[in-house]
Amino acid sequence: MKNYKHIKVTPISTAIGAEISKIDISMDLPEPVISEIRHALLEHLVIFFRDQDLSDPERHRIFTRYFGQLFIHPNFNMGQKDPEMVYLTRKPGDKAVVGETWHADTTMMKAPPMAAILYALEAPKYGGDTLFSNQYLAFESLSVGMKQMLNGLKAIHNDARVAGPKAGFNSKRTTQVREDDSWTLTENAHPVVRIHPETKRKSLFINSTYVQNIKGMTVEESAAILNYLYEHATKPEFSCRFRWRTGSVAFWDNRCVQHLAINDSNNATRRMQRTQLLGNDVL
């Protein structure tokens, strides 16, 4: 583990995740601090900050821009004045929440976001945790034969399950997505095993939210392989669980992490705001 000089890094599990302390990310940050935060992200895949104040969306955007360009999510962009900021709200009575199945974010895009930064404006006293899973470990723990079979395969990702007129989420939750008739499907093929552009490590790059089938196979033919990989990729030993408090921040590497929002807040309110960072084509 790197010897950090400007921040304190405390791992929260052996597989994934670390808490970063001794820093106020709402302030202007010098390059050595930014460099260490980025290194911690690459080392631990998801990093967490407590007791922060990013309630001013511009401070949230400024922190995000230290690490790249802002991404605008096509399915949450409904003409608001700040389309690069996504507000994720769960209110009492909601039957669904955004992200309650395992996924990496927005993988239907040709160049999916490289990372996301999620801030808790209001967190319940308990419930509403988020799980994160290390997709390097998911790939590395496969048998030699399975690795050889998966190398070279591509999967078809699209957003049919999460947006559009047939998705049906807007009637179940406060957070709305595009379900209008002018919405169009976004679909791209990505390698089942991707190479991280910075670490050069291989990871699984499939998820049950966006993947439809393996390219060149039918849905039925793909199912046996994909269902095994979905279960394997989210094993507890690859994962960590983060309990939110108001003022908490999670910053994850979308290129090698899956996550899931647990929908167990019951009658509590949970208000979050999220930015995403532009990514590159998947290799």
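The values are calculated or read from the model by the stated rules, or taken from the named source; none is laboratory data. Since this is a predicted model, take the numbers as computed values, not measurements. So basically every Cβ, Gly included, is an ideal-geometry build from the backbone, and we count neighbours across all protein chains shown.
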**Residue ID - farthest from the chain's Cα centre (by Cα), chosen from residues in the stretch 41-82 that are aromatic (F, W, Y) and in a loop (DSSP other than H, G, I, E, B)** = Y66
**Prompt:** In the stretch 224-243, is there at least one residue being at pLDDT 95 or above, of a type in the set (S, T, Y) and in contact with a Lys or Arg (Cβ under 9 Å, 6 or more places away or on another chain)?
**Reply:** no
**Message:** Looking only at residues that are without any contact (Cβ under 8 Å) to a residue 40 or more places away in the chain and among the basic types (K, R) in the stretch 2-43, which one is farthest from F242 (Cα to Cα)?
**Reply:** K5
**Message:** Looking only at the stretch 171-201, filter to residues that are surrounded by 19 or more Cβ atoms within 10 Å (Cβ to Cβ) and aliphatic (A, V, I, L, M); which one of those is nearest to D94 (Cα to Cα)?
**Reply:** V177
**Request:** Select from the stretch 202-253 the residues that are touching a helix residue (DSSP H, G or I) at 6+ places or on another chain (Cβ under 7 Å) and in a helix (DSSP H, G or I) and write down the one among them that is surrounded by the fewest Cβ atoms within 10 Å (Cβ to Cβ).
**Result:** H232
**Asked** Given G168, G93, G164, which one is at pLDDT below 95, surrounded by 19 or more Cβ atoms within 10 Å (Cβ to Cβ) and not aromatic (F, W, Y)?
**Response** G164
**Request:** Check M109 against each of (1) within 18 Å of the chain's Cα centre (by Cα); (2) of a type outside the set (V, I, T); (3) surrounded by fewer than 19 Cβ atoms within 10 Å (Cβ to Cβ) and name the one condition it does not meet.
**Result:** (3)
**Prompt:** Can you tell me how many residues in the stretch 146-201 are of a type in the set (G, A, S) and assigned to a strand (DSSP E or B)?
**Reply:** 2
